[in-house]
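Just so it is clear, none of the values below were taken in a lab; they were calculated from the coordinates. The structure displayed is predicted, hence computed values, not measured ones. Here the Cβ is made from the backbone with ideal geometry for all residues, glycine too, and neighbour counts use every protein chain on show.
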Amino acid sequence: MRLLVLLSVLGACWAQYDPHLRNGQTSIVHLFEWRWDDIALECERYLAPNGYGGVQVSPPHENAVITDPFRPWWERYQPISYKICSRSGSENEFREMVRRCNNVGVNIYVDAVVNHMCGSGVSAGTSSTCGSYFNPGNRDFPEVPYSGWDFNDGKCTTWSGEIESYQDIYQVRDCRLTGLLDLALEKDYVRSTIADYLNFLIAIGVAGFRIDAAKHMWPGDIKAFLDKLNNLNTYWFPEGSRPFIYQEVIDLGGEPITSSEYFDNGRVTEFKFGAKLGTVIRKWSGEKMAYLINWGEGWSLIRSDRALVFVDNHDNQRGHGAGGDSILTFWDARLYKMAVGFMLAHPYGLTRVMSSYRWSRYFENGQDVNDWIGPPNDNGVIKRVTINEDTTCGNDWVCEHRWRQIRNMVIFRNVVNGQDFTNWWDNGSNQVAFGRGNRGFIVFNNDDWELSSNLQTGLPSGTYCDVISGDKSDNRCTGIEVYVGSDGYAYFSISNNAEDPFIAIHVDAKL
């Protein structure tokens, strides 16, 4: 009996790190700014059949409608109330999305904006996605309700009320971030109100939360409202399942606030992952792919079982957040596919794939001045995600998650899940290869000359389809074929001019 109690306690302690992925799935995708009904369709027609385990959705709460500039992406991060009412759809549409995605084994994770309400400079009135009245000048949000008692104005010690130094942990956590009204999370009323919002979403069927701006909240305050959360909906999840938590903490080093302070609450977004991997793939600062032999904690990244990792996210693909110019995005498609391929093949962390939209870029002094542009829209109404005959997306939706190379690497990760990192090979420069036990093998050529090598794959003998150049279809390969001999060796040839200079094989792609 004591052993059962101990195991139950240990299970509860680890529960916040478990994304509750089903059907052998291992990766999630961020469908940034998608409509709820389009996400429901995508779960059914593409995500579930292709091995994606979950979707991070944009904040669903009511937000201020910003018209100058016109409907920027960041208006979603300007809460007015916790009503489920945004430009992605209504509460009923949100409920239907969660139901349809859960029914095909794809989880929904909500981007939870609970550090703050809208910016202090937003005009009072009813210009919000539900039409609710609010007055940020008076700290009046009657639809929550919040009043002046519920904000940190008196606690912040800077003259401006804004964060003025990231070397001061009190400013970072008690003052306004770019004018956003900072909630007083040490107050039980605020904690309970936030918990009520998140519990409402849990009852609908969401599997967990990305905690936005976690760095700007005290870890103990986050724990206090997380402790008030209910278990997940037992219609879709096992009894006693706790919400999956991952916290946005930008920690590139050099500041007093560190990611490890937040480990007890859940996983943490590891921003160093994309910043450092981008530098390597770009071959900047003398970095080489050969150095990736000890990728992960050997590169001063956080513990693998506490990390949520990504090559880019909605902030830093626009030059915000963290990482600077080294961040790879869909604008650098050839290098980007290699970086995402490496991420999905390597065992480190829980992986999140980005799915973006295009905007008209315009640079002044090295900065994209159009980085504010919101999703494809008709007079503020988000455009549908249309699907082309070749399965790519139209209406300016990029849909990186549908790129064959990325989709097939998500499947690769599922196939090799739980296998050891094995059979590393490199040429001392930017040609590298590694295996995942006896189930998968991947080879990269990021040098300016051809790769031509006989390599130990660790795989059973036979003919395999390269899942980067094509697919296995009707027991034939639509792309490159790779023959593995009885000794596990295979010959690989990759031109430095190849559109996708890497090859990946796995046991489910064996003829």
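Just a few scattered comments:
- Within straight-line reach of K215, meaning a Cα separation under 28 Å, sit the following lysines at least 8 residues removed in sequence or on another chain: K83, K155, K187, K223, K228, K272, K276.
- Rg/Rh ratio calculated on Cα atoms of the range 227-348 (Kirkwood radius): 1.03
- If you plug the beta carbon distance of N230 and S304 into 1/(1 + (r/R0)^6) with R0 = 35 Å, you get a FRET efficiency near 0.75.
- Max-minus-min Cα coordinates of the range 9-135 on each principal axis give 48, 38, 23 Å, with the largest extent listed first.
- By the Kirkwood approach, averaging reciprocal distances over each pair of separate Cα atoms, the range 293-385 gets a hydrodynamic radius of 15.1 Å.
- Orientation-averaged projected area, Cα convex hull of the range 122-162 (nm²): 3.3
- Cα-based Rg / Dmax (Å) for the range 396-511: 13.7, 48
- Here the range 272-313 is described by how far its Cα atoms reach on the three principal axes: 29, 23, 11 Å, from widest to narrowest.
- Normalised size of the range 137-209, defined as Cα radius of gyration per 2.2 N^0.38 Å with N residues, equals 1.27.
- The chain pair-distance distribution - Cα-Cα, 20 Å bins, rounded %: 22, 56, 21, 1
- Between A333 and E164, the FRET efficiency estimated from the beta carbon spacing at R0 = 35 angstrom works out to 0.35.
- Alpha-carbon Rg/Rh ratio, for the range 385-450, with Rh computed the Kirkwood way: 1.13
- Y362 versus S260: modelled label distance in nm, points set 7 Å from Cα along the beta carbon direction: 4.7
- Tensor-based shape of the range 176-296 (alpha-carbon gyration tensor, a/c under 1.5 rounded, otherwise prolate or oblate): oblate
- Using a simple spin-label model with pseudo-atoms 7 Å out from Cα toward Cβ, N497 and V381 lie 4.9 nm apart.
- The convex hull drawn around the Cα atoms of the range 239-297, when projected onto a plane and averaged over every direction, covers 5.8 nm².
- The range 463-511, Cα convex hull volume normalised per residue, Å³: 63
- Scattering from the range 97-195 was approximated by placing one identical point on each alpha carbon and applying the Debye formula without solvent; log10 I(q)/I(0) at 0.16, 0.19, 0.21 1/Å stands at -0.76, -0.94, -1.06.
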